[in-house]
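*Asks:* Here it is, the structure in full.
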Amino acid sequence: MRLPSGRFLIGLVLVLVVCVATAYVLTSGKDDPPGGGGTAQAVTVTCLGGSEKTELMADEQVKKILREQYGLTVVFAPLGSYDLVQLSKDDLAARKAGCLWPSSASAQKVFESLHSGAFPEYRAETVLQSPEVIYAGPQGTDALVKAGIVQKRAERYFIVDMKKLLLEHVLKRTTWQSLGTADLRGPIAVSSTDAAKSNSGFTLAQLQLNIIATDDVFSAPSLAQARKVLPTVRAVYDAQGLQAAGSEAGFRQWLTQGAEFHAPLYAGYENQLIQQVVQLGADADKLLKDVRVLYPDPTIYSDHPILALDADAARFLEAMKDAGIQQLAWQKYGLRSGLHVGLSKVTDFPNLPLADQFRTTAPPGAEVTLALLACVKEVAKCS
């Protein structure tokens, strides 16, 4: 049997080399994740989200990471969490929205209950989070400590009897004067943004519903339990009076109009104060002197899930997991990481009395959430 000639063997080797090289060119980068060294095609994603993330998404460092490492340009449009998740598929298409970024896991569940199967490429994941807190001033805080409603633990304040605050003071229109405050006047109420439009206000309503409807605040109420107390929750809501429409504008308004002298108790996100302190820098001392952070015990975490409606938005979801972006979100905007354990260290803000640990309760499911939302929007639907 004749062996192949040397010329034939060399030619065979060259053919194999060309085949391997061609296969590599065709497949290289095919499975590379965005930002992983691949050359992902540049795309623009329009995302509708809660107003408290506006400055994060306008941050030049964040935009640079998204653009240079992930090939992404994100057009961010603020909209109330429960407004955006109830937009129809046609409305979303008209806005060219491939991404929704509400400030609540409950809002995510509402979207999924209303749009089941509508988006074949849909996926969702929480990337950031912030606990609901109640902001107060020194006079109001001291009065609530004396009344046994608030406790001070290691320089942190916790509302240990939220039910008493709501049922014995807010609903009964107890005045601040009756608690012995020197300068605060009027009935005790917990102000917030409008729960019918803004998630920070609605999260407060959810917490109030859990407290009023159940004996165990650590369990969310059933629909039957919720319906029994919706009129009471509505009465607490009405006691707040006029409310701002958006979380970011509402908190700024509270600060600029006198903090506790504007509203002795104001519900919002923990990150809102952190963001203000970072922006003010050395001038933050005056702000901190006049503001206390009260953590409801338990509170509700406001998750910030990204709802990706298509493949491009899914790339954005993955990009927001980037450790650099997550670090910026915490250190500049006070949004705790929903992914990286140990990244959100309260010691990064030594002058702020932030709680590193606090107890939380689960928000109600989609059916109860929609019933509560209908109630705060229209009093006739509370019965």
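The values are calculated or read from the model by the stated rules, or taken from the named source; none is laboratory data. Everything quoted here is computed from the prediction, not taken from an experiment. Positions of Cβ are generated from backbone atoms using ideal geometry, with glycine treated the same way; all protein chains shown enter the neighbour counts. SASA here: full protein model, heavy atoms, side chains in, ligands and nucleic acids out. Shrake-Rupley method; radii C 1.70, N 1.55, O 1.52, S 1.80 Å.
*Asks:* In terms of Cα to Cα distance under 20 Å, which aspartates and glutamates are near enough to Lys381, apart from those fewer than 8 places away along the same chain?
*Replies:* Asp83, Asp194, Asp238, Glu367
*Asks:* Please work out the Cα center distance from the stretch 85-125 to the stretch 61-84, rounded to the nearest Å.
*Replies:* Each part's Cα centre sits 16 Å from the other's.
*Asks:* Ok, one more. Given Cα pairs under 8 Å that are at least 6 residues apart, what percent is the relative contact order of the stretch 258-371?
*Replies:* On the way: 74 pairs, mean separation 38.1, N = 114.
With pairs under 8 Å counted, the relative contact order is 33 percent.
*Asks:* In square angstrom, rounded to the nearest 10, how much accessible surface does Met162 have for a 1.4 Å probe?
*Replies:* Accessible area, nearest 10 Å²: 10 Å².
*Asks:* Of Leu223, Ala259, Val160, which is farthest on the positive side of the dipole of the stretch 151-284, counting Cα position, with +1 on Lys and Arg Cβ, -1 on Asp and Glu Cβ, and the Cα centre as origin?
*Replies:* With unit charges placed on the Cβ atoms, the residue in question is Leu223.
*Asks:* Still on this structure, please answer the following. Could you pull out every residue, at least 5 positions away or on a different chain, whose amide H is within less than 5 Å of the one on Val150? Hs are placed 1.01 Å off N in the peptide plane, and Pro or chain starts have none.
*Replies:* Here the answer is Val145, Val160, since their amide H atoms fall under 5 Å of that of Val150.
*Asks:* Can you tell me the 0 to 90 degree angle between the C-alpha axis of helix 323-333 and the longest principal axis of the chain, rounded to 10?
*Replies:* Taking the Cα atoms of the chain, the angle to 323-333 is about 20 degrees.
*Asks:* For Lys64, list the lysines whose Cα falls under 21 Å from its own Cα; do not include residues on the same chain fewer than 8 positions away.
*Replies:* Filter leaves Lys53, Lys321, Lys332.
*Asks:* Within the set of other residues whose C-beta is less than 13 Å from the C-beta of Ala314, count the net charge using Lys and Arg as +1 and Asp and Glu as -1. Before the final figure, lay out each step's value.
*Replies:* Values: positive: Arg123, Arg315, Lys321; negative: Glu121, Glu125, Asp310, Asp312, Glu318.
Overall, the nearby charge balance is -2.
*Asks:* Also, quick follow-up: Per residue, how much accessible area does the stretch 67-108 have with a 1.4 Å probe, in Å²?
*Replies:* Values: 1790 Å² over 42 residues.
Roughly 43 Å² per residue, with all protein chains present.
*Asks:* Can you find, among Leu207, Ala182, Thr232, the residue sitting farthest towards the positive end of the charge dipole of the stretch 167-276, where Lys and Arg contribute +1 and Asp and Glu -1 at Cβ?
*Replies:* Thr232
*Asks:* Name the residue from Ser81, Gly140, Ala97 whose Cα lies farthest towards the positive end of the charge dipole of the stretch 69-153, charges +1 on Cβ of Lys and Arg and -1 on Cβ of Asp and Glu.
*Replies:* My answer, from the dipole projection, is Gly140.
*Asks:* Turning to a different aspect of this structure: Under a 5 Å amide H to amide H cut-off, with H placed in plane at 1.01 Å, what residues pair with Ser191 once short-range neighbours are removed?
*Replies:* For Ser191, the qualifying residues are Leu265, Tyr266, Ala267.
*Asks:* Related question: Take the solvent-accessible surface of the protein heavy atoms, probe 1.4 Å, and return the percent of it on the stretch 166-249 that carbon and sulfur atoms account for. Display every interim value, and only then the final one.
*Replies:* Numbers: 1750 of 3370 Å².
Reported share for carbon and sulfur atoms: 52 percent.
*Asks:* Cα axis of helix 223-238 to longest principal axis of the chain: angle in degrees, 0 to 90, nearest 10?
*Replies:* That helix lies at roughly 60 degrees to the long axis.
*Asks:* Quick one: 3J(HN,Hα) in Hz for the stretch 133-142, Karplus 6.51/-1.76/1.60 with θ = phi - 60°, rounded, Gly and Pro as x.
*Replies:* Residue by residue, the stretch 133-142 yields 10, 10, 8, 9, x, x, 5, x, 4, 4 Hz.
*Asks:* Using the Karplus equation 6.51 cos²θ - 1.76 cosθ + 1.60 (θ = phi - 60°), what ³J(HN,Hα) coupling, rounded to whole Hz, does each residue of the stretch 83-99 give in order, writing x for Gly and Pro?
*Replies:* Once rounded to whole Hz, the list reads 6, 6, 6, 9, 5, 6, 4, 5, 4, 5, 5, 5, 8, 6, 8, x, 9.
*Asks:* While we're on this one: Counting only residues 5 or more places away or on other chains, whose amide H sits under 5 Å from the amide H of Thr299 once H atoms are built in the peptide plane?
*Replies:* Arg359, Thr360, Thr361
*Asks:* Here's something else I'd like to know. Mind jotting down the distance between the C-alpha centroids of the stretch 226-270 and the stretch 208-224, whole Å?
*Replies:* 20 Å
*Asks:* How large is ³J(HN,Hα), in whole Hz, for each residue of the stretch 259-266 in order, when computed from phi with the Karplus curve 6.51 cos²θ - 1.76 cosθ + 1.60 and θ = phi - 60°, using x for Gly and Pro?
*Replies:* With the stated coefficients, the stretch 259-266 comes to 6, 5, 7, 8, 8, x, 10, 9 Hz.
*Asks:* Sticking with this structure for a sec: Could you state the angle between the C-alpha long axis of helix 6-27 and the longest principal axis of the C-alpha atoms of the chain, as a value from 0 to 90 degrees rounded to the nearest 10?
*Replies:* Taking Cα atoms only, the helix is inclined about 20 degrees.
*Asks:* Here's something else I'd like to know. Around Pro138, what is the net charge, scoring Lys/Arg as +1 and Asp/Glu as -1 over all other residues with Cβ under 11 Å from its Cβ? It would help to have the intermediate numbers written out before the result.
*Replies:* Numbers: positive: Lys289, Arg292; negative: Asp142, Asp183, Glu260, Asp290.
Counting the neighbours of Pro138, the net charge comes to -2.
*Asks:* Give the peptides 227-235, 279-287, 167-175, 138-146 in descending order of average Cβ contacts within 10 Å, highest first. The partial results should precede the final answer.
*Replies:* On the way: 227-235: 17.4, 279-287: 10.8, 167-175: 15.2, 138-146: 19.4.
Highest-to-lowest ranking by the protection proxy: 138-146, 227-235, 167-175, 279-287.
*Asks:* Straight distance only, please: which aspartates and glutamates reach the Cα of Lys152 with their own Cα at less than 20 Å, same-chain residues fewer than 8 apart left out?
*Replies:* Partners within reach: Glu132, Asp142, Asp161, Glu260, Glu270, Asp290, Asp297, Asp356.
*Asks:* Can you tell me which of 344-354, 263-273, 304-314 comes out highest on packing, and rank the rest after it, using the mean Cβ neighbours within 10 Å?
*Replies:* Values: 344-354: 14.6, 263-273: 26.2, 304-314: 22.6.
Packing order, densest peptide first, comes out as 263-273, 304-314, 344-354.
*Asks:* Would you calculate a helix-derived [θ] at 222 nm for the chain, using -39,500 (n - 2.57) for each DSSP H run of n ≥ 4 and dividing by the full residue count, to the nearest 500? Kindly include the intermediate steps, with their values, before the conclusion.
*Replies:* Details: 15 runs with 158 residues, N = 383.
Computed mean residue ellipticity for the chain: -12500 deg cm²/dmol.
*Asks:* Along Cα→Cβ, 7 Å out, is where each label goes; now give me the distance between the ones at Leu280 and Ser178 in nm to one decimal.
*Replies:* About 3.3 nm separates the two model spin labels.
*Asks:* Over the chain, what is the mean sequence separation of C-alpha contacts under 8 Å (at least six apart), divided by residue count, expressed as relative contact order in percent? Intermediate results must be reported in sequence, preceding the final value.
*Replies:* Details: 674 pairs, mean separation 95.7, N = 383.
Over the chain, the number comes to 25 percent.
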